[in-house]
Structure formats: structure tokens, C-alpha cells
1. Just rank Arg129, Arg21, fewest to most, by other beta-carbon atoms within 10 angstrom.
2. Treat each spin label as a single point 7 Å out from the Cα along the C-beta direction, and report the Thr193 to Asp63 distance in nm.
3. Please compute the modelled spin-label separation between Lys29 and Ser145, points set 7 Å along Cα→Cβ, answer in nm with one decimal.
4. Of the residues Pro58, Pro130, Pro211, which exhibits the maximal mean-square fluctuation in a Gaussian network model of the chain defined by a 10 Å Cα contact cut-off?
5. So for the stretch 1-93, what are the equivalent ellipsoid semi-axes in whole Å, largest first, each being the square root of 5 times an eigenvalue of the Cα gyration tensor?
6. Between Asp45 and Phe22, what FRET efficiency follows from the Cβ-Cβ distance if R0 is 45 Å, with the result rounded to 0.05?
7. Pull up all non-local amide H partners of Phe183: gap of 5 or more, or a different chain, and H-to-H distance under 5 Å with H placed in the peptide plane.
8. If eta is 1.002 mPa s and T is 20 °C, what Stokes-Einstein diffusion coefficient results for the chain, Kirkwood Rh from Cα pairs, in µm²/s?
Amino acid sequence: MIMASAIEVLAKQAMKTFSDRFCQKSFDKLWSLMNKITTEDVKLDKNILDYVSRQPAPMCVMDIFENKDITIAIFVLKHGVTMPMHDHPGMYGLLKVISGAVELNSYSLKTKSDHVIKSNEEIAAVRHRPISLQSDSSACILTPSEKNLHEITCVEGPAAFLDILSPPYDVDEFGKGPRPCTFFKVVKSKLCTESADIVAEIQLSVIESPPDFYSSTLKYIGPPLKDYCNK
């Protein structure tokens, strides 16, 4: 009997976690499995990382799997590149660095989850304490309300991280159509010393997708997931 690969087991657990009503126990198991994923599990080798360093795009994306419940991908940032602050509307996410090192800045909106963000308004939020992540770090978690926005800077690169999101951006958001990925910038900031995790209270404004940040596509060559996840 052929044993399932680590990425197949992870994907199967992601399907179980997000295909039905959210279950914390199932989510915790998914987080635990994700913490064990390595570059070897997805066949991300030095040749691929060297190629990312040479090509012009700030970031490369390797799509692994997507259905109506989950999307799994690998993002590879070039050294010194920052993925701009963006949101994940109504989504859960896990991010696991598997190569290199990044600094992650996360933000939580103070608005209600059904708030419609307008381009000409300021949005109240909090900035969480930045954290450094490398291959031996645990996966980071975002929820529809906590740490839903983030920006990621590659401090040792190229840096690659595995990403699981649910539901995918393309899935309808409560009758409003596909979930837009909105970009933000900080327009006001006030230091906060009352919390160990929250370092500032801030005001954000919506910006257009930064023109100098774009990505190219890489082919995923690790264990295929399509047939396995459909079993």
C-alpha cells in the first residue's frame, strides 16, 4: 500500500476542516500538520529558489490545489521584497514559512465583519507586534476578524511560504460576488503600550493595487493533490 505524502495528508485535513461547519479541534490538527511541512515535501529545491532570484517579478506563485472550500499555494518572495498590506475578507488562513525568513506585520480591523469598505474613508484597526518567521517557526493563523490583514517582508531570501486559505478569494462572499483582495496603507498611527500583542492603534485607507508589485507563476512539481483530495 502506498503511503500518502505529507502534503496529501495536509490537504485532506484542510478539506475536512473547511468543507463543513468550522471545528476548532479539526483546525488545531491542521495547524499541527502544517507545522511539519518542509521544502522536501513540496519538492521546492535550490534550483527553483535560484530561478526566483534571477527573474524580474518581486514574487512567484505556485498554485497547488483549489476547490470551493480551500486554496493551497506556495509564495516565494525575493530578498528585500514586501508583499503589500492586504485583506482576506471572511476567510481563515494559515501561513508556514518553509525556506528563508520573513517579517510579518498583522492587523485587525475594528469594524464589524459585514462592514463595506469604501475607498474614500479611513478604517480603524490595530497593529499587532511584528514577528520574525523562518522554517522552524510555527504556522501563523488569521481569522475573519483577527489578524485578517497582513504585510510580509522577505528579510532572508528568497523566502517561500505555504499558504492555505478558506474559502478561496473566488468563492462568493454572502451574495456579493468574489471576495476582492483590498490593499491598504497606514494614514495615522498611535502607539499602544497597554497590550503585549497590540503595538499601535491605526487608521487605514484603501489604495489601488501597487503597480510595482506583481507575480509570475511557477509550476508545482510536488505530489499531485487533485485525485487524492477528490477521493
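Bear in mind these aren't lab numbers, they're just calculated from the coordinates by the rules spelled out. Owing to the predicted nature of the structure, the values given are computational and were not obtained by experimental measurement. Glycine gets a Cβ as well: all are built from the backbone with ideal geometry, and neighbour counts include every protein chain shown.
1. The order, fewest Cβ neighbours first, is Arg21, Arg129.
2. 5.0 nm
3. About 2.6 nm, to one decimal.
4. Sorting by GNM fluctuation, first place goes to Pro211.
5. Semi-axis lengths for the stretch 1-93 are 27, 19, 11 Å.
6. My answer for the efficiency is 0.80.
7. Excluding prolines and chain starts, which carry no amide H, the hits are Ile207.
8. Translational diffusion coefficient: 116 µm²/s.
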